[in-house]
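Here is the structure we will look at, set down as structure tokens.
The values are calculated or read from the model by the stated rules, or taken from the named source; none is laboratory data. Just so you know, these numbers come straight off a predicted model, no measurement behind them. When we count neighbours, we look across all protein chains shown, and the Cβ atoms used for this are built from the backbone with ideal geometry, even at glycine.
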Amino acid sequence: MRSAKYSGAGAASEVISIIDIEAPVPGHGEVLVKVGAAGLNPVDVKIRAAATDFGQIIYTDLPGWDVAGVVAAVGSGVDAWAVGDRVFALAAFPDAAHTLAEYAVVAAEDLATAPSTWSTAQAGAAPLTALTAWQALEAAGVVAGQRVLVLGGAGGVGHLAIQLAAARGAEVVATGSPAKNELLRSWGAGQTVDYRDDQALAAIAPVDAVVITVDDTLPPRGSVKAGTAVVTITGLSDDHAAQLASWGAGPIRRILVAASGAQLAEIAALAEAGRVSVHLDSEFPLDDLAAAQERVESGRVTGKVAVIVDPTV
């Protein structure tokens, strides 16, 4: 089968190649997926650039975690899936998974039925960011009637966090550029704020929860009240964490996404109901993986970048 491979640390155009290797075979509790599409995330480009483990995330020269496609074979002990099923998953994360290839082995428990309302590209692009958004809202304890501030609302995690928070019945405030206000509102943001406008940021009324999707960004002081839950997916400096604590925020948590077929199934149900969609910034064929990673590295992505491995799937 054809597969992406890294030759070591370096620029995408210098270290990414597409090679031929033997297709994997599913073991006990595993499923072989014929890959239609896979998503790219900031962690993909960070781990490629360094060619080493990234915290708990395991480096491999055969990359990829997001996947969507059809079941090609099932291993022993698998009865929940059958050949031909349309599925998607965050595979094995933070361990190596190797989904940027024509076939990928995925643990049966990591899989969910892909929404019929999404294209294969959308399903392939969704898992890591959708699960991150879901688990961030869970960590913050978001429920109906609360106010939620999403910092970085137009990004991969941010645009799904807006939709999932709105689906829970929360009132959503999202930051982004003015050019993206219409998109932010279409995803469910009741209030949009220019992230570069200090006066507008300062005017945000207190919220019950903050989801931080951009590196070490402190929410505006006025948005934080006693007990405001703060969840970051990128981490906070000690100074920022101490400042939040001094404002009375809490709990303050950093999360690392975990694979969960059960949670993806709940997200898929919302997608089937028209409550959640995936905004695709761009799509690239597997042969243009270097260009796809460069797009992610540009920092100008709205929503998600998808890599199309097999357009017929």
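Picking from Gly274, Gly248, Gly303, which residue would you name as being at positive phi and under 15 Å from the mean Cα position of the chain (by Cα)? Can you show your working first?
Details: Gly274 fails: under 15 Å from the mean Cα position of the chain (by Cα); Gly248 fails: under 15 Å from the mean Cα position of the chain (by Cα).
Criteria check complete, one pass: Gly303.
If Val148 satisfies every condition in (1) free of Cβ contacts under 8 Å to residues at least 60 places away in the same chain; (2) in contact with a strand residue (DSSP E or B) (Cβ under 6 Å, 6 or more places away or on another chain); (3) crowded, with 22+ Cβ neighbours inside 10 Å; (4) not basic (Lys, Arg) but one, which is the exception?
(1)
For Val71, only one of the following conditions fails: (1) assigned to a loop (DSSP other than H, G, I, E, B); (2) surrounded by fewer than 24 Cβ atoms within 10 Å (Cβ to Cβ). What is its number?
Only one criterion in (1) assigned to a loop (DSSP other than H, G, I, E, B); (2) surrounded by fewer than 24 Cβ atoms within 10 Å (Cβ to Cβ) is unmet by Val71, namely (1).
Mind checking which pairs have a first residue in the range 32-55 that is assigned by TED's automatic domain parsing to the domain that holds Ala292 and in contact (Cβ under 8 Å) with a residue 40 or more places away in the chain and a second that is buried (at least 24 other Cβ atoms within 10 Å of the Cβ) and among the acidic types (Asp, Glu), Cβ under 7 Å, 6 or more apart or different chains?
Ala38/Asp66; Gly39/Asp66
Return the residues of the range 178-199 that are in contact (Cβ under 8 Å) with a residue 60 or more places away in the chain and under 20 Å from Pro220 (Cβ atoms); say none if nothing qualifies.
The answer is Lys180, and nothing else.
So, in the range 85-100, exactly how many residues are in a loop (DSSP other than H, G, I, E, B) and more than 17 Å from the chain's Cα centre (by Cα)?
Our first condition is that a residue be in a loop (DSSP other than H, G, I, E, B); within the range 85-100, this holds for 85, 91-100.
Within this subset, residues satisfying the condition of being more than 17 Å from the chain's Cα centre (by Cα) are 85.
Of the residues in the range 85-100, 1 are in a loop (DSSP other than H, G, I, E, B) and more than 17 Å from the chain's Cα centre (by Cα).
Just checking, which of Ala92, Ala107, Ala114 is at pLDDT 95 or above and surrounded by 24 or more Cβ atoms within 10 Å (Cβ to Cβ)? Explain how you work it out, then say what you get.
Values: Ala92 fails: surrounded by 24 or more Cβ atoms within 10 Å (Cβ to Cβ); Ala107 fails: surrounded by 24 or more Cβ atoms within 10 Å (Cβ to Cβ).
After ruling out the rest, the residue left standing is Ala114.
Out of all the residues in the range 166-205, which are out of contact with any helix residue (DSSP H, G or I) (no Cβ under 6 Å at 6 or more places or on another chain) and either closer than 17 Å to Val230 by Cα or assigned by TED's automatic domain parsing to the domain that holds Val301 (or both)? I'd like the intermediate steps shown before the answer.
Filtering the range 166-205 for residues out of contact with any helix residue (DSSP H, G or I) (no Cβ under 6 Å at 6 or more places or on another chain) gives 166, 168-171, 173, 175, 177-186, 190-191, 195-201, 203, 205.
Of everything in the range 166-205, those that are out of contact with any helix residue (DSSP H, G or I) (no Cβ under 6 Å at 6 or more places or on another chain) and either closer than 17 Å to Val230 by Cα or assigned by TED's automatic domain parsing to the domain that holds Val301 (or both) turn out to be Ala170, Glu171, Val173, Thr175, Leu201, Ala205.
Do any helices (runs of 4 or more DSSP H) entirely within the range 221-313 hold 2 or more residues that are over 22 Å from Lys46 (Cα atoms), and if so, which? Explain how you work it out, then say what you get.
On the way: elements: 238-246, 261-272, 289-297.
So the answer is 238-246, 261-272.
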